[in-house]
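The values are calculated or read from the model by the stated rules, or taken from the named source; none is laboratory data. These numbers were taken from a predicted model, which means no experiment stands behind them. Note: accessible area is taken over every heavy atom of the protein model, side chains too, but ligands, DNA and RNA are not part of it. Shrake-Rupley method; radii C 1.70, N 1.55, O 1.52, S 1.80 Å.
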Amino acid sequence: MKIVRAGTLIDGTGAPAVRDAVIQIDNGRIEAVTTAGPGAGWPSGTEVIDASNLTVLPGLIDCHDHLAFHGY
């Protein structure tokens, strides 16, 4: 299990940003997002990634292109 402690979480749905978010990742998938306090009883061996001074958001895709300029 991995825990990411985010300073701010933007989920991409248009909902307000979440401060001091905790993102739980199991087997490469996000399993839970909470605002639990420090050391919220995670199992031993849990990798904690401190991003408490960063903003976490979904990956962005650049779909902007000027196809007409390339002669396609």
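So that you can scan it fast, the table gives a plain yes or no per residue for (1) open to solvent by 70 Å² or more (accessible area, probe 1.4 Å); (2) in a loop (DSSP other than H, G, I, E, B):
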residue: VAL4; (1), (2): no, no
residue: PRO16; (1), (2): yes, yes
residue: ARG19; (1), (2): yes, no
residue: GLU31; (1), (2): yes, no
residue: GLY45; (1), (2): yes, yes
residue: VAL48; (1), (2): yes, no
residue: SER52; (1), (2): no, no
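Can you go through ALA36, ALA15, ALA40, ALA32 and tell me which one is at pLDDT below 95 and within 13 Å of the chain's Cα centre (by Cα)?
Just one listed residue meets the conditions, ALA32.
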